[in-house]
Structure formats: C-alpha cells, structure tokens
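Report on one structure; see the data block that follows.
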Amino acid sequence: MAEGNRLRGIEVRQVRMPLVSPFRTSFGTQTTKDVILLRAVSDEAEGWGECVAGSDPLYAPEYVGAALLTLRDYFIPAILDQSIVDPALVAPALDLWKGYRMSKGALEMAILDARLRATGQSFGEALGAVHARVPAGVSVGIMNTVDELVETVGGYLDEGYQRIKLKIEPGWDLEPVRRIRDAFGAIQLQVDANAAYTLGDANHLRKLDAFDLLLIEQPLGDEDVLAHAELARRLETPVCLDESITSARAAADAISLGACSIVNIKAGRVGGYLEARRVHDVCVAHGVPVWCGGMVETGLGRSANAALAALPGMTLPGDVSASSRFYTEDLTEPVVIEDGHVAVPTGPGLGVVPDAGRLDAVTVSSEWIPANRRLAS
Ligand code: SMG
Ligand code: MG
C-alpha cells in the first residue's frame, strides 16, 4: 500500500436505466433498473462499485431506498473515518451491522477497484480467473404467451447464447419448459423459481424431471433450507440455491444438509467479490459445481461478473450476458457476446469506466461525501 494513501471521499449516485423489454419474475415485473453507484476516490486512484439491490424488497429484504440510507448513515462514514483503502478491511469494518450485504459488497467493490487500478491488476487476476472468456448464458422472464417465449428464446439462441434459463412460477412451468424442449431440442436448459413454490408442490415439480434440466434454482423460500433438502431427495433434477446462500458459511451449511448440489454465486448477495470467491472455494472443496448469477448489472458489475465467472470451479454457464440483453445503451462500453462467449476484461480494475455523458443522462441523484477534514489534512 502506498505510504500515506488516504480516501478523499465517496460519491453516491442513484441512476435509473430503462430496460429493453419488461423482465418478469415470480415476484414482479421490472421495466427499469435502479442502481446505486459508488465512486471511491483515494490519493492513488478512483474505483467504482455497483449495488445490486432492487427497487423494492422483493428479491431480498435489501432495496435501493434502504440501501441508500444505510450507506450514507453507517457504511460510508465508517470507511471514510478509518480511511480504508485496503479491500480486505472493508467487510471487517462493516461487520457489526447486520445484513445489507449488497450495500457492503458495493462499497468493497469500489475500494477493490480503486486498489487494483492503482496496482495495474485486473479483477480477473485478483480473483483468480483461469479463463480469458466465459460461456454466455441468458435468463428469460415470464411472458404473456408461450409462443412469445419460444420466439424470444429462439432469438437468444441465434445470438449465440449457450444456455437458457427460464423463470418459472406456479402456472408457468411445465408447459413453457415442454415447448422450449420441443422447439429447440438438446439445448442447455434450466429453470429459476425465485422461491415461488412450497414443499407441497414436490409432486408437481417432479414432473420437470422429464425434461433433462441442468438444474432447478431456488424453488422454495429463502430460509427453507431443510425443505430444500427434502425436495432434493424427491427430485432427479439437481437443486441449485440462490437466495438462500448469503455467505460461504451458509453455502457450507446448505451443502452439508443436502439442500443443494449446485450453487449460484452472486457477489452482491454474499457481501462482495471477496466473499464470493470464498463461496466458490467452499463449493469446490465439497465437489459442488458453481456458476455466476446476475442481477441485471450495468457494464460495471457485468464486467466484474465476467471475471468471477472465469474462476476454475465455475463449471456451468452463468447468467453472464451481453449489455444488449437488458440495455440499449449501457453506462460503459457495451459488454458483447462473441462466438457464444463474453470476454473477461484485462485492463486494471474492472477494465471499464462509465461514460460521463451517459451517466449524467440517467442520474437521479448524486452526493459527494468527503472524508472528514481532520483525516484529509
Ligand atoms: O443479470 O442476467 C441477469 C439476471 C439474471 O435471472 C436473473 N437474476 O434470481 O437469478 C435471479 C435473478 C434475480 C434478479 S431478478 C430482477
Ligand atoms: Mg435466481
């Protein structure tokens, strides 16, 4: 660490990005994406963090309004007061406050990016990526008709996506899956219920076994770990957990209990990219395949995810898609799909920066929080 390197301040910015088409899941329909961006400025560099909390507490309890307050009132002052420029010290400094992992993760991401830009190392190098590119996968929302779904999936396959994930819910499961299998044959196919079922649906969900799915993601409630273990015993389709896995420890517990045989890793959900790496390591130690999830990120988080998806244990294609999957215009140079893959950025830090004009065009609010004068002088 450079001698005397201090944090000068952190900018908190809320942006609202229009989506190319509505994204419907079992918990609601999204037409815009609200994002909190953090820009951490130290003496040596500046770094970007992206908070993946949703507009409402639907995917997780954490959401943009609460995350903004928590970042402003607790997390950012703590990081500035201690002038933390070492990413490994961010999580310990915030540990006394419960939850808000997405906010904590965004702050760690900004400090990590600043540090890596100063040292010239990329996210991929820092996390231990072993691939230069990763297979592209796409998550497909619930649609008004199955015909519309078939057409949409066909379009993604034409673009080169190697794996299709269908969002499901009661009333939108067997028929869409059957029609996609009939239309496209032996593609890599999986489903995600976002906690929309109960154990009482086990016999119904067992009918999905006929479709040779890679996995079923988070069929039951976030806290229903034992119920997932029971369901996993009744299904041939492998059970993968998303919402339930909030840390490396939670991953170890869920695996030991037999609640999942595959894990979706999202840095925001577990409190940052460093904990995401630990989740990966725990899963690899248990022989459990992992893949990189997505939270409709802008080019900033999308680039970091491409790096995370390139870790050695990421043996299944992730929700790693091109910017065009969600955005006509991204904040950064667009992430693109080429030959069915997304490239892992190689530049320092995230390897990308937001375009200033584009950023201003989608900004809802922004605030510069300076380090206190005593520390800055
Ligand atoms: O970024 O490709 C993406 C989205 C992938 O389906 C996706 N994410 O439960 O895995 C999930 C969902 C959570 C976000 S839904 C708004
Ligand atoms: Mg999911």
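The values are calculated or read from the model by the stated rules, or taken from the named source; none is laboratory data. What you see is a predicted model, and the numbers here were worked out from it, not measured in a lab. Cβ sites come from the backbone with ideal geometry, for glycine too, and all protein chains shown count toward neighbours.
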Failed item, numbered, when residue 178 is tested on (1) within 23 Å of residue 312 (Cβ to Cβ); (2) outside any strand (DSSP E or B): (1)
Of the criteria (1) in contact (Cβ under 8 Å) with a residue 24 or more places away in the chain; (2) within 16 Å of ligand 1 (Cβ to nearest atom); (3) polar (S, T, N, Q), which one residue 121 fails: (2)
Every residue from the stretch 275-291 that is more than 16 Å from ligand 2 (Cβ to nearest atom), among the aliphatic types (A, V, I, L, M) and either in contact with a Lys or Arg (Cβ under 6 Å, 6 or more places away or on another chain) or not in a loop (DSSP other than H, G, I, E, B) (or both): 282, 284, 285
Candidate set from the stretch 178-214 (those that are under 16 Å from residue 143 (Cβ atoms) and more than 16 Å from ligand 2 (Cβ to nearest atom)); member that is surrounded by the most Cβ atoms within 10 Å (Cβ to Cβ): 180
Out of 163, 101, sole residue that is within 16 Å of ligand 1 (Cβ to nearest atom) and either out of contact with any strand residue (DSSP E or B) (no Cβ under 6 Å at 6 or more places or on another chain) or among the polar types (S, T, N, Q) (or both): 101
Complete set of residues in the stretch 181-238 that are in a helix (DSSP H, G or I) and within 16 Å of ligand 1 (Cβ to nearest atom): 228
Only listed residue being under 19 Å from residue 33 (Cβ atoms), of a type outside the set (Val, Ile, Thr) and in contact (Cβ under 8 Å) with a residue 12 or more places away in the chain, chosen from 327, 273: 327
Filtered residues of the stretch 284-300 (kept if over 20 Å from residue 64 (Cβ atoms) and either under 11 Å from the mean Cα position of the chain (by Cα) or crowded, with 24+ Cβ neighbours inside 10 Å (or both)): 290, 291, 292
Cβ-Cβ under 9 Å pairs, at least 6 apart or on other chains, the stretch 284-301 side on the phi > 0 side of the Ramachandran plot, far side in a loop (DSSP other than H, G, I, E, B) and within 14 Å of ligand 2 (Cβ to nearest atom): 296/52
Breaking point among (1) out of contact with any helix residue (DSSP H, G or I) (no Cβ under 6 Å at 6 or more places or on another chain); (2) β-branched (Val, Ile, Thr); (3) not assigned by TED's automatic domain parsing to the domain that holds residue 262, for residue 369: (1)
All positions within the stretch 73-108 that are more than 17 Å from residue 369 (Cβ to Cβ), assigned to a helix (DSSP H, G or I) and touching a residue at least 24 places away in the same chain (Cβ under 8 Å): 87, 88, 91, 101, 102, 105
Residues (outside any loop (DSSP other than H, G, I, E, B) and surrounded by fewer than 24 Cβ atoms within 10 Å (Cβ to Cβ)) located in the stretch 301-339: 323, 324, 338
Filter result for the condition that a residue is among the acidic types (Asp, Glu), touching a strand residue (DSSP E or B) at 6+ places or on another chain (Cβ under 7 Å) and more than 16 Å from ligand 2 (Cβ to nearest atom), over 95, 81, 56: 56
One residue from 294, 299, 272 being closer than 23 Å to residue 347 by Cβ, within 16 Å of ligand 2 (Cβ to nearest atom) and touching a helix residue (DSSP H, G or I) at 6+ places or on another chain (Cβ under 7 Å): 294
Failed item in (1) assigned to a strand (DSSP E or B); (2) within 16 Å of ligand 2 (Cβ to nearest atom), with residue 342 passing the rest: (2)
Subset tally (residues that are in contact with a helix residue (DSSP H, G or I) (Cβ under 6 Å, 6 or more places away or on another chain) and within 13 Å of ligand 2 (Cβ to nearest atom)) for the stretch 228-243: 2
